[in-house]
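Asker: Below: one structure in structure tokens.
The values are calculated or read from the model by the stated rules, or taken from the named source; none is laboratory data. Small disclaimer: the values here were computed from a predicted structure and weren't measured. Cβ: placed from backbone, ideal geometry, glycine included. Neighbour counts: every protein chain shown.
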Amino acid sequence: MNDVFLPHVARIVEVWDDTPDTKTFTLSLRDSKDFRFLPGQFLEVSVFGYGEAPFCIASSPTRPDTLQATVRRTGQLTDALHELGNGDEVGIRGPFGNGFDVEGARGKDLLFVGGGIGLPPLRSFIWNVLYERDHFGKVTILYGARTPTDLVYKDELKAWAKRSDVEFHVTVDRAEPGWTGNVGMVPVLFEKTALRPDSTLAYVCGPPIMIKFVVQDLFVRGFKDEAVISTLERMMQCGIGKCNHCAIGHRYVCRDGPVFNYKQIRELVE
């Protein structure tokens, strides 16, 4: 896209409900056929008349015909977005940010740990990996949410659980009638898998409290700072490091991130 400040019009071609307050939107650009992105990058999505906000790209770059964003209802703009349906139009700017290092992950074992609405950016990378499955080692996906109702991509979770080339475990903080799976916060799932810290890259995304305990557990298990990768959330308004809203020290989350390993994160807060 030539003008980073000019939204391009995208048409909503499909919407589905993930949870009572979360929807996934499939978008089609009206005037750009060469949209390319990396897993982990984000878009600035505008609802005309309401404003603009950043959302991660939830679909895989291996499917360039599909552009998806998963949005939880949290305020005026997302309320307005949730009222839109097939055929309605929104504006998008981007993609912005650095994204996950797909090339650097090749040949490694990969551990994905997601919590709640933190799964969408990991989903983009997961499907990228599964599309090129032979280029990666063991793939483990651990996912948790508050309740079974709050799990996103429920059909995909079932599909991942059935794959012979993926180890998948899911848990919920609080069970509901009919739930027969794991109960407990995401770190309980570490007891169900064998990890090799020396050959594994761990990607963690979710609520801050979940990330805190997951990362602590990974370090106890021998993971190095550089091998633990997460995404930071800030008010990323411009997307190119000009407005200063997402600045942390000398770094801009929108431009230098949102993907950072823990060595970089420690340097940000020191």
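Asker: Just to check your reading of the model, which residue among R73, R11 is surrounded by 13 or more Cβ atoms within 10 Å (Cβ to Cβ), basic (K, R) and under 18 Å from the mean Cα position of the chain (by Cα)?
Answerer: One residue alone meets the criteria, R73.
Asker: Could you tell me which residue of segment 14-48 is farthest from the chain's Cα centre (by Cα), considering only residues that are more than 13 Å from E89 (Cα to Cα) and polar (S, T, N, Q)?
Answerer: Here the residue is S32.
Asker: Next question, about the same structure. If you take just the strands (runs of 3 or more DSSP E) that sit entirely in segment 78-164, which of them hold at least 1 residues that are within 21 Å of T193 (Cα to Cα) and under 16 Å from the mean Cα position of the chain (by Cα)?
Answerer: Those strands (runs of 3 or more DSSP E) span 109-115, 139-145.
Asker: I'd like to verify a number: residues in segment 1-28 that are over 12 Å from G85 (Cβ atoms) and either modelled with pLDDT of 90 or more or not aromatic (F, W, Y) (or both), how many?
Answerer: So the answer is 17.
Asker: Does at least one position in segment 32-40 carry a residue that is at positive phi and either β-branched (V, I, T) or in a loop (DSSP other than H, G, I, E, B) (or both)?
Answerer: Yes, the conditions are met somewhere in segment 32-40.
Asker: For segment 181-191, how many residues are assigned to a helix (DSSP H, G or I) and touching a residue at least 24 places away in the same chain (Cβ under 8 Å)?
Answerer: Looking only at that region, the number is 4.
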